[in-house]
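What follows is a single structure, written as structure tokens, with notes after it.
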Amino acid sequence: MQNMEISWAFRELADLLEFEGEVFFKIRAYRRAAKVIAGLEEPVVELYRRGTLARVPGIGKNILAKIGELITTGEMKKLQELRRKWPPGILEVMALPGIGPKRARFLHEQLGVTSLAELEEAARQKKVRALRGMGVKTEQEILRSIELVRSRQGRILLPLAREIAGELASYIQDTPGVYKVTVAGGIRRWQETVDEILLVAAAEDPEPLLNALAAYRRVREVLVRESDRMRVQTWWGVPVELRVVGLPAYGAASLWATGSAEHWRQLQALAAQRGYHLDMRGLAGADFPSGNDESVLEDAPAPVPPVPGAPLPREEEYIYRRLGLWPVPPELREGRGEVELAAGGVPPRLLEVEDVKGDLHVHSDWSDGANSILQMVQRAKEKGYRYLAITDHSRSLTVARGLSLERLQEQHSLIKELNEKERDFRILTGIEVDILARGGLDFPDEVLAEIDVVVASVHSGFRQDKETLTSRVLQAIENEHVDIIGHPTGRLLGEREAYALDMERILEAAAKYGKILEINSSPDRLDLNEHYARLARDYGVKLAVNTDAHDLRRLDEMPYGVAVARRAWLGPEDVVNTLDLPDLLRLLGK
DNA sequence: GCCGTTTTCGGCCCGACTGTTTTCAGTCG
């Protein structure tokens, strides 16, 4: 039983209890446990066996017992009971923006709504507006939200996709007769979200691999089975496709399965021009010379590369070279001009994780972070960083225990003290200052002037109109003490649309005032996204790739932001936190 | 539910916004 599954069980438990109207604190305790478990670095099963799980904050007697139940029986009685009691669709209803437990319950009682489809039907028949406490606007908002949810249905975020793909790939890898396995598709290209997981395996005989996949404990259903491919539905709800080829076809199959479709189409066209024929069985007329050479088995890379920019399998590289191209990194394979680019000159130097010398947006337990400043610093050092900016929330964000002026000053004197003991590392004082709903910033200029790194972010008034929101952000950009605009568009993937912003005006202003825009690496944000990041560079705006980490583990999410930068064709020179400390300080005007 | 004790139960939960109201409930960050 993986941490993720245990965490999910408690989240579902909390959701169902919330629907039932259980007391707030109990629900919050379960949610906290779910979050804590998801953030644990060690397997819960291990901690449980060792008897140290109860020491984890947020896990008391009751939750410990439920975890024990999950580990030993694979089920949790309380959860099963609730699942039997309520239709599964009500959780989707409750998850709609603007619909909480009370309204979900009310809709269930008054209209018999048990699913999104039924709610949609009721709203279309104008039955929702007739209910007490709801009106036309609510009804329209519900229909809009359902539309949003539909559009993202079936797509999962990259970290989950990577985890599932890694688990399956290593399982397949262990099947006898397998030479190597690659995770391909959108995962390999570091797309924001994916709707399927594609695996390519090289083996003499596909049969045992397909049998193995069909028998995997988290495969729910075999959707398609052919002699060399299988498509299955999994326990996680995301379909997985495995394609098995012989070693000589491995490079072509991996290229094909990695895509994108457009990139592949352009490669095929180029091959035809050069008198070859390229399909997923290989590059006819130019086979990989050592296609059956046992030595190809030795350089098999990890199925799920930990960072973007991993070396290509040499069979892929060979095909690019034969087509007169330099090998195109998977992140660029979107058919957005990379094939033309790869036909001439030298490859661009794209940003790499190793270029990053520090993180300029992280939280500590002074506001809503889980770890102390020292713990965050320690981890930053382990990552080889030279600096770390502690940017806790400002006073207005009370839910996040935003810092009062006094606490801010207290924190900054602590940081100054800590810095006296540091060598070759600098803790930068910082703040994530709220861009207030009424305009202006949460701290006065004279306070901001004293801070090394000022990140300004919107956390309220998301639904204001475009003009209002744009002018709020413009005001922040024009403030001489602001350095970085944090998660500039405010989107939460699959949860909340970006707020209405006139991005061209924002980019113009950022260029004019020399302000840095953030690429927030949090996988549910990735904000700016790759399109705006590229646009920003075209405007001459510098970017900062930050994690916005609220705990130690999320400091590790830097690769996701780096992937966005790479997909935007950015190099180290476009990103400020590749600078050495003195250069960075100069840029910040410190 | 958990936590922290002042060891056995009380504290944890804030404030703005919105749409619906006739004075406020529900949602959300």
Worksheet, complete the sentence: Filter the range A:41-58 for residues that are basic (Lys, Arg) and away from DNA strand B (no atom under 12 Å from the Cβ); the one that is surrounded by the most Cβ atoms within 10 Å (Cβ to Cβ) is A:49
Worksheet item: Taking residue A:213, is it modelled with pLDDT of 95 or more, open to solvent by 20 Å² or more (accessible area, probe 1.4 Å) and under 22 Å from residue A:163 (Cβ atoms)?
Response: no
Discussion item. Looking at the structure I just gave you, is residue A:307 free of Cβ contacts under 8 Å to residues at least 40 places away in the same chain and out of contact with any Lys or Arg (no Cβ under 9 Å at 6 or more places or on another chain)?
Written reply: no
Worksheet item: Among A:38, A:9, A:14, which is within 28 Å of residue A:551 (Cβ to Cβ) and within 12 Å of DNA strand B (Cβ to nearest atom)?
Response: A:14
Worksheet item: Is it true that residue A:45 is of a type outside the set (Gly, Ala, Ser), in a helix (DSSP H, G or I) and closer than 22 Å to residue A:147 by Cα?
Response: no
Worksheet item: Can you tell which of A:573, A:504, A:530, A:495 is open to solvent by less than 30 Å² (accessible area, probe 1.4 Å), more than 14 Å from residue A:484 (Cβ to Cβ) and acidic (Asp, Glu)?
Response: A:530
Worksheet item: If you check residue A:189 against the conditions, is it within 16 Å of DNA strand B (Cβ to nearest atom) and within 30 Å of residue A:254 (Cβ to Cβ)?
Response: no
Fill in: Residue within the range A:4-13 that is modelled with pLDDT under 90 and either surrounded by fewer than 20 Cβ atoms within 10 Å (Cβ to Cβ) or not charged (D, E, K, R) (or both) present
yes
Worksheet entry | So residue A:518, is it surrounded by fewer than 16 Cβ atoms within 10 Å (Cβ to Cβ) and either under 30 Å from residue A:149 (Cα atoms) or assigned by TED's automatic domain parsing to the domain that holds residue A:409 (or both) | no
Worksheet item: Residues of the range A:552-570 being open to solvent by 60 Å² or more (accessible area, probe 1.4 Å) and over 15 Å from the mean Cα position of the chain (by Cα), which ones?
Response: none
Discussion item. If a residue must be near DNA strand B (Cβ under 9 Å from one of its atoms), within 18 Å of residue A:46 (Cβ to Cβ) and outside any helix (DSSP H, G or I), how many such residues does the range A:59-77 contain?
Written reply: 1
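To keep it simple, each residue is scored yes or no on (1) open to solvent by less than 30 Å² (accessible area, probe 1.4 Å); (2) modelled with pLDDT of 90 or more; (3) more than 23 Å from residue A:559 (Cβ to Cβ); (4) under 34 Å from the mean Cα position of the chain (by Cα).
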site: A:274; (1), (2), (3), (4): no, yes, yes, no
site: A:287; (1), (2), (3), (4): no, no, yes, no
site: A:297; (1), (2), (3), (4): no, no, yes, yes
site: A:309; (1), (2), (3), (4): no, yes, no, yes
site: A:329; (1), (2), (3), (4): yes, yes, no, yes
Worksheet entry | helices (runs of 4 or more DSSP H) fully within the range A:410-529 counting 2 or more residues that are within 28 Å of the chain's Cα centre (by Cα) and over 25 Å from residue A:373 (Cβ atoms) | A:466-478, A:503-513
Practice prompt. Identify, by number, the condition in (1) buried (at least 23 other Cβ atoms within 10 Å of the Cβ); (2) modelled with pLDDT of 95 or more that residue A:181 doesn't meet.
Written response: (2)
Item to complete: Taking residue A:46 as the residue in question, decide whether it is assigned by TED's automatic domain parsing to the domain that holds residue A:92, in contact (Cβ under 8 Å) with a residue 60 or more places away in the chain and of a type outside the set (Ser, Thr, Tyr).
Response: no
Worksheet entry | Selection within the range A:157-178 - open to solvent by 30 Å² or more (accessible area, probe 1.4 Å), of a type outside the set (D, E, K, R) and within 16 Å of residue A:559 (Cα to Cα) | A:157, A:159, A:160
Response to the item:
Every listed condition ((1) in the same structural domain as residue A:212 (by TED's automatic domain parsing); (2) within 16 Å of DNA strand B (Cβ to nearest atom); (3) not β-branched (Val, Ile, Thr)) holds for residue A:140 save (1)
Practice prompt. Specify the residue that is modelled with the lowest pLDDT; the eligible residues are those in the range A:25-35 that are more than 8 Å from DNA strand B (Cβ to nearest atom) and more than 19 Å from residue A:102 (Cβ to Cβ).
Written response: A:35
Worksheet item: List pairs: first in the range A:334-356 and more than 30 Å from residue A:580 (Cα to Cα), second assigned to a loop (DSSP other than H, G, I, E, B) and of a type in the set (A, V, I, L, M), Cβ under 8 Å, 6+ apart or cross-chain?
Response: A:338/A:328; A:339/A:325; A:339/A:328; A:342/A:325; A:342/A:328; A:343/A:325
Worksheet entry | residue A:22, sole failed condition from (1) near DNA strand B (Cβ under 8 Å from one of its atoms); (2) in a loop (DSSP other than H, G, I, E, B) | (1)
Fill in: Selection within the range A:78-100 - part of a loop (DSSP other than H, G, I, E, B) and either within 11 Å of DNA strand B (Cβ to nearest atom) or touching a Phe, Trp or Tyr at 6+ places or on another chain (Cβ under 8 Å) (or both)
A:86, A:96, A:97, A:98, A:99, A:100
Fill in: Exclusive hit being open to solvent by 20 Å² or more (accessible area, probe 1.4 Å), within 26 Å of the chain's Cα centre (by Cα) and under 21 Å from residue A:27 (Cα atoms), set A:154, A:98, A:89
A:98
Worksheet item: Any chance the range A:60-76 includes a residue that's surrounded by fewer than 17 Cβ atoms within 10 Å (Cβ to Cβ) and in contact (Cβ under 8 Å) with a residue 40 or more places away in the chain?
Response: yes
Worksheet item: Restricting the search to the range A:39-72, which residues are in contact with a Lys or Arg (Cβ under 9 Å, 6 or more places away or on another chain) and of a type in the set (Gly, Ala, Ser)?
Response: A:39, A:54, A:58
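The values are calculated or read from the model by the stated rules, or taken from the named source; none is laboratory data. Computed from a predicted structure; not experimentally measured. Glycine gets a Cβ as well: all are built from the backbone with ideal geometry, and neighbour counts include every protein chain shown. In case anyone asks, the SASA skips ligands and DNA or RNA and just uses the protein heavy atoms, side chains included. Shrake-Rupley method; radii C 1.70, N 1.55, O 1.52, S 1.80 Å.
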